[in-house]
Each structure stands twice: as structure tokens, then as C-alpha cells.
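Scroll down for the structure; my scribbles are underneath it.
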Amino acid sequence: MRPVVVTVAITGSVARKADNPTVPITPAEQIESTQAAYEAGAALAHIHVRGDDERPSLDPERFGRVQEGIRRHCPDMIVQFSTSGAGPDPAERGACLIHRPDMASLTTGSVNFGDAVYENPAASYTSLASRMREEGVSPEIEVFDLTHLHNARRLVDEGVIGASPHVQFVMGIRNALPPEPHLLDLLLAETRRLLPGATWGAFGIGRFQSPVMGWALARGAQGVRTGLEDNVRLSRERLADGNAGLVRLAAAICAEHGARPATPAEARAMLRLG
């Protein structure tokens, strides 16, 4: 069975405990939830942090505490910080990179996000990419739109990022990219044309989490993503019993496609991390 990198997006910036009581908010909760997901098969943790009031935070100290705990309790697990945020200020969004995580997410363009706009002007994402390069942090290109691939190619051509990044397609956000298999085919074909050395994965939001995972695995994806950031339910009738439950579901879907969760060491090799 081929190894596939299972990413667990443990918290995000939207879901609250009112949506699912297992959403981890404090650093201690995030560390505990990540350890359970790691033991269930996740090799990569995608990290947002929150204030104690559950509101999104960009506090570098909180990012550092979560990373420290993951590295203590989850040997060799890949730590990926999110550089998303409510505003386009790259200095504020990139402040967490001082802790030099293994990876950080990088969105190379703006997009509708529900009834709001996720702002990523060119100067902002270029600055963030440059900061990642300075800190030795590998970017994951989060693609919400076809143009984001072309913008990533420009960063490669300008020497801001390497030629073989990991690309993650995001499908199912309201008013953004619809979760349709033919659109995944289009994105994948353009990725192979523009970034032939890239590894890739895809994830869906809410009820689209499992279908998008299956489409990606059927097309040979190197990675899939799950977690309470993207979906708080195991089924229409049943809330997820934490991030570990969603990782176990992802592992079962991998098995249906002749794949298994990669170990952290395998994941690091696949994503070309030191």
C-alpha cells in the first residue's frame, strides 16, 4: 500500500466549541488533540491558534507553545503554521515564522470566503514567501483558484520559492471553488504544466471532506487533509469525536484506494523536508 501524507488541521479560525465541544482552543488542548491525531496516523499538523475567547489569534507566543508541545509528544511529526489572517499585513501574519516550523501555508491570491474576502494581494504573499525562505520554512501553496497556481509559478521564476512546492487544493468554501471532480482534474493538469516537480493534495470543506479525499486518492495524490478546521462531523447525524476520529476515517478512505497513512519519516521524505 502506498504511503500518503495525512494532514490534520486541528483548529482553524471558524469552528467553535458550540459547533463541536472537541474543537481544541487553548495550546494545551491543541497539543493533546494533535497527539491523539498523530497516534491515529496523522504525520503533519496544520496549526492556527486562538485566544481564550475562541477568536482567531496571530500571537507568536501561542504558536511557539503549541509547536513545543507537539515536538515533545509527537516525535518527528511535521509542524505547519498557518499564515492566514483577517487582514493582508504580512508582518503580522508572518510573525509566527520566528519559531521556524517545518512548513507554513501560503495562499497566492485573494478569494471569496463565504460572505467575506480572504485578502492576499501580491505584495503580501510575496513578502510572506520571502520571510519563509529567510527562516528556512517550506511553503505549502494553498490553491483556492486557478490563478493561484500562476502566481506560485511567478514566485518560482523570481526565485522566491523552490520549484517543487507542496500544493493543496481547497474545495467547497461557499462562494469560492466548487467541489467538482472535473475542476480537480483541471487544477491538477495546470499544476503538472506549471509546477511539474510539485507534490499535491486536496481537501473539501464540511460534507465534501470525504468525497474530495477520495477524488484526490484516485488521482494519485501524495497527501490528503482532514480535521476539525474543515469539518466537525463524521456523518450528517454524528459529530466527530475529536481530530483523531477524523484521521481514522481518513485512514479508512486511504485503504479503500490502496494507500495508508505515511509515517512522519516517510512524509518528510515525500515533501522533501530535512
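The values are calculated or read from the model by the stated rules, or taken from the named source; none is laboratory data. Only a predicted model underlies this, so the values are computations on that prediction, with no experimental measurement involved. All Cβ positions, even for glycine, are placed from backbone atoms using ideal geometry, and neighbour counts span all protein chains on display. In case anyone asks, the SASA skips ligands and DNA or RNA and just uses the protein heavy atoms, side chains included. Shrake-Rupley method; radii C 1.70, N 1.55, O 1.52, S 1.80 Å.
Output needed: percent of Cα pairs per 5 Å distance bin for segment 35-130, bins running from 0 to the one holding the longest distance.
Distribution as computed: 2, 13, 22, 21, 19, 13, 7, 2 percent.
Computing the accessible area with a 1.4 Å probe over protein heavy atoms, can you report the carbon and sulfur percentage for segment 98-219?
Numbers: 2590 of 4880 Å².
Taking all protein chains in place, segment 98-219 shows 53 percent carbon and sulfur surface.
Name the long-range amide H neighbours of Ser105: under 5 Å, sequence gap of 5 or more, or other chain; modelled H, no Pro or chain starts.
The answer is Phe81, Ser82, Thr83, Glu140.
Report in % the part of the accessible area of segment 23-94 that belongs to carbon and sulfur, leaving out ligands and nucleic acids; probe 1.4 Å. List each step's numbers first, then the result.
Numbers: 1330 of 2800 Å².
Taking all protein chains in place, segment 23-94 shows 48 percent carbon and sulfur surface.
How big is the C-alpha Rg of segment 1-58 next to the rule-of-thumb value 2.2 N^0.38 Å, as a ratio?
Details: Rg = 12.2 Å, N = 58, 2.2 N^0.38 = 10.3 Å.
It is 1.19.
Out of all DSSP beta bridges in the chain, what portion is antiparallel? Express it as a percent rounded to 5. Could you put the intermediate results ahead of the total?
On the way: 6 of 39 bridges.
Beta bridges within the chain, antiparallel portion: roughly 15 percent.
For the chain, taking Cα atoms only, what is the radius of gyration to one decimal and the Dmax to the nearest whole Å?
16.8, 49
Per residue, how much accessible surface does the chain expose to a 1.4 Å probe? Answer in Å², no decimals. If you can, show how the numbers build up before the last one.
Values: 11000 Å² over 274 residues.
Roughly 40 Å² per residue, with all protein chains present.
Sort 215-222, 99-106 by packing, meaning the average of other beta carbons within 10 Å per residue, with the highest value first. Please report the intermediate quantities before stating the final value.
Numbers: 215-222: 19.9, 99-106: 22.1.
Per-residue Cβ counts within 10 Å, averaged per peptide and sorted highest first, yield 99-106, 215-222.
Helix-only estimate, please: 222 nm mean residue ellipticity of the chain, summing -39500 (n - 2.57) across DSSP H runs of length 4 or more and dividing by its residues, to the nearest 500.
Using -39500 (n - 2.57) per qualifying helix, the result is -11500 deg cm²/dmol.
To the nearest µm²/s, what D does Stokes-Einstein give for segment 163-224 at 37 °C and 0.692 mPa s, using the Kirkwood radius over alpha carbon pairs as Rh? Don't jump to the answer; show the numbers that get you there.
Details: Rh = 11.6 Å.
Using the Kirkwood radius from Cα pairs, D works out to 284 µm²/s.
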